């Protein structure tokens, strides 16, 4: 797991998981899995933008693009270029 | 031919007895929603008919016949009785859209207790306020939500039982927690159904108001009469339908039509317990051959945003009737659905307080895209002059949407808040708090709220509640909360915040405050934007003028500012 995966995974675990015993990995469905809903996606997007100094256009911040930590990393890297 | 047939013919000489007769109910009889949705359907010869097709993460699927749900609701009812739950006790459902939510709802009603559904994404403060107000005796929940309950348990002395439906092991449970696994419980063939009558309390749904804390909207078992008939005439549910109501039973649509309306009519319904994803929804419709679909404008707009290509990948030829509720359905959404599904979404309008659909577009009736439609037969709906509270006769003039009380599913009171309940009536009319105009053909056109309540994605959020919670954040000196326009959710929460000395107005502070509200109240209540200000507009008496901020967000005239402090 690279640094970005670790940071995002840790953030999602800390901020969005209610059950301490629940664990997630970079491929765990976040949106379809009900861990992050469409309203909460806004705060997750804000975290990514603050952390990586990027701006993610709304049309790219889709439930599909945010559904796993791995997909989020792909999105962040696209805008970090 | 639709169930309603001719709308105009149904309106003439309408009487709710048409519903009573179909349900075999006579005045003074026992009427128990739990029994009507399960045992009665079995007695009608449909015991082996599918009642529920449930699908969760990873394609996991469960199927229940009407006999299965009869037994399951008996089993849950018997378990609750065994814990000492009595008629009239409040039992909360704090669950995702798992089968136990749907079955628990009816099991609670069968024993005469009052069911209190709460949205499972509520934070601990939202949960505490509602459980405390209702003096809830028991809660049915999942292990993933137990941590939130444990945080507030000390402040809830009335809450005696926390029933966990998926506990890993009994030893993992703590104070007041008990495991109940429906799949492993011995099915209860016979349960003495509590002889509830028409006016026996049934459901307690909490809704937000412009001021004060959330109000518990109390319904009674007689609401079934409205919910059954509207499910037949508006949703047009028929014996061979596969029905999908996308609403969460934490909110009233999910109970009135995601449980009661569906099963009182003996309809097979589907539930998808997944977060919103366009592709998953389209697949679900195709896989289960959904015929009637009841959804919300926010979801429809999200589907529109996902594009038309994705629609074409799946077969939706099973669909025959589409209905929408929650917030105004914009004309573009109606036109879009006609284009991609060959069917128009029929908008419907009602509230937690009304218990059932009040104004709607009906099968077979001309749809005017963007209109709410016409009043349901038996419902007298008008727009009132906001000063005189008298019906406006001339078409096109904007007024307050008001309803003549007396339909079966009208709320009976706000829980322990009779004064607020009485304030909802003027000149004998029930005031909805919404504004509309009526055109010369009798169609209603939604204009907006008549108060500060924010309707985001079809759910009401109280600015007062968010402002109160914001003040509990260490950085916030004062705040004002208003709505701002949003392409998908119609409107979302925006907060104007003045910080205490020593706190910096930067993106990290903004994110910290957003997450604070999300966890304390709910994701719906979380400000989607925070604007840091030095001070807020106030009257000379020091009251924050929300309307000035609201007007700016919506590009409206800010109106009279003569009382503004700094003017």
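Summary table
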item	result
At q = 0.19, 0.22 Å⁻¹, base-10 log of I(q)/I(0) for the range B:243-378 (Debye sum, equal scatterers on each alpha carbon)	-1.18, -1.59
For chain A, the spread of Cα positions along each principal axis, largest first, Å	36, 26, 19
Exercise: per-residue mean of other protein chain Cβ atoms within 10 Å, B:409-418	0
Size descriptor, Kirkwood hydrodynamic radius, that averages inverse alpha-carbon separations across the range B:137-259, Å	17.8 Å
Over the range B:184-244, volume per residue of the alpha carbon convex hull, in Å³	218 Å³
Between the range B:174-232 and the range B:285-316, the alpha-carbon center distance in angstrom	30 Å
Rounded if a/c under 1.5, otherwise prolate or oblate - the range B:17-100, Cα gyration tensor axes	oblate
Proxy reagent accessibility, fewest Cβ within 10 Å first, across B:437, B:150, B:301	B:150, B:437, B:301
Taking B:206, A:11 and counting other C-beta atoms within 10 Å, the order from fewest to most	A:11, B:206
Square roots of 5 times each gyration tensor eigenvalue, C-alpha, the range B:110-152, largest first, Å	18, 12, 9
Anisotropy class of the range B:477-543 from Cα gyration tensor, a/c 1.5 cut	oblate
Translational D in µm²/s for chain B (Stokes-Einstein at 25 °C, 0.890 mPa s, Kirkwood Rh from C-alpha pairs)	100 µm²/s
Rounded tilt (10° steps) of A:41-52 against the dominant C-alpha axis of chain A	60 degrees
Paired Rg and Dmax values of the range B:344-464, which use every Cα atom, in angstrom	14.3, 43
Normalised contact order of the range B:221-269, rounded percent, pairs of Cα under 8 Å and 6 or more residues apart	45 percent
Rh (Kirkwood; distinct C-alpha pairs) - the range B:83-139, Å	11.5 Å
Mean residue ellipticity (222 nm) of the protein assembly as shown, computed from DSSP H runs ≥ 4 via -39,500 (n - 2.57), nearest 500	-8500 deg cm²/dmol
Proxy reagent accessibility, fewest Cβ within 10 Å first, across B:431, A:30	B:431, A:30
Global form of the range B:430-567, assessed from the alpha-carbon gyration tensor, a/c cut-off 1.5	oblate
Relative contact order for chain B, counting Cα pairs under 8 Å that sit 6 or more residues apart, in percent	12 percent
Whole-percent pair-distance distribution, where bins are 10 Å wide, for the alpha carbons of the protein assembly as shown	3, 15, 27, 28, 19, 7, 1, 0
10 Å Cβ neighbours from other chains, averaged over peptide A:25-31	2
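A short reminder: the numbers here are calculations on the coordinates, not readings from a lab. The structure presented is a predicted model; accordingly, all values stated were derived computationally and were not measured. Don't worry about glycine lacking a Cβ; one is built from the backbone with ideal geometry, like all the others, and counts go over all protein chains shown.
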